[in-house]
Ligand code: DQA
């Protein structure tokens, strides 16, 4: 099984970016925890981060036939990128939407996700655990295990 983790704009600044909202962990640290968990689960995992919408669209397109699952924190693009939504709709690879923070209890403009309707589900509000849970759910779904 191959999993692609995609992180959107400003997530490269985790660690110093608004730590009271996003915590103190860097993206590198989050990715290293995910890599370890993926190795324990015996799955391959790849990581991509970009601040550029089109690069994320291209990664999603290229995931077709190359990955079994995408874990996506589209960051601010979540709230307005129809291009990312359409890319998700255009491929057969299942996507889990992730957010570190609980977007539903923040500013009103964050309450709406334009991608939620085309993903399997959304996990938000658990920080690093949003990512770890998404990884574990993806593996269980892929293996057809109860979840
Ligand atoms: C975020 C929430 C978004 O609203 C915000 O724009 C981000 C990060 C999160 O992980 O909580 O950049 O996706």
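For the listed peptides 93-102, 137-146, a ranking on the average number of other beta carbons within 10 Å per residue, highest first, reads 93-102, 137-146.
Per-residue counts of other Cβ atoms within 10 Å, averaged by peptide: what ranking do you get for 65-75, 10-20, highest first?
On the way: 65-75: 20.9, 10-20: 13.7.
Going from most to least packed, we get 65-75, 10-20.
Direction-averaged shadow area of the convex hull around the Cα atoms of region 73-140, nm²? All intermediate terms of the calculation are to be shown ahead of the outcome.
Details: hull surface 17.2 nm².
Taking a quarter of the hull surface, the average projection is 4.3 nm².
Gain on full extension, evaluated as 0.36 nm per residue between residue 136 and residue 111 minus their Cα-Cα distance, stands at 6.5 nm. Rounded to the nearest 500, what is the 222 nm mean residue ellipticity of the chain from helices alone, with -39500 (n - 2.57) per DSSP H run of 4+ residues and division by all residues? Value at 222 nm, helices only: -11000 deg cm²/dmol. With only the Cα atoms considered, the chain has a convex hull volume of 98 Å³ per residue.
First check a/c for region 16-94, with a ≥ b ≥ c the square roots of the eigenvalues of its C-alpha gyration tensor; if it is under 1.5, answer rounded, and if not, answer prolate when a/b is larger than b/c or oblate otherwise. Because a/c hits 1.5 or more and a/b fails to exceed b/c, region 16-94 counts as oblate.
Each residue, residue 126 and residue 26, gets one label point 7 Å from its Cα in the Cβ direction; the gap between the two is 2.6 nm.
From Cα pairs below 8 angstrom and at least 6 apart in sequence, can you work out the relative contact order of region 8-105, rounded to a whole percent? Write out the running numbers ahead of the final one.
On the way: 98 pairs, mean separation 30.0, N = 98.
About 31 percent, as a whole number.
Bear in mind these aren't lab numbers, they're just calculated from the coordinates by the rules spelled out. Just so it is clear, the structure is predicted and the values come from calculations on it, not from any experiment. Neighbour counts are summed over all protein chains in view; Cβ atoms, including those assigned to glycine, are modelled from backbone coordinates with ideal geometry.
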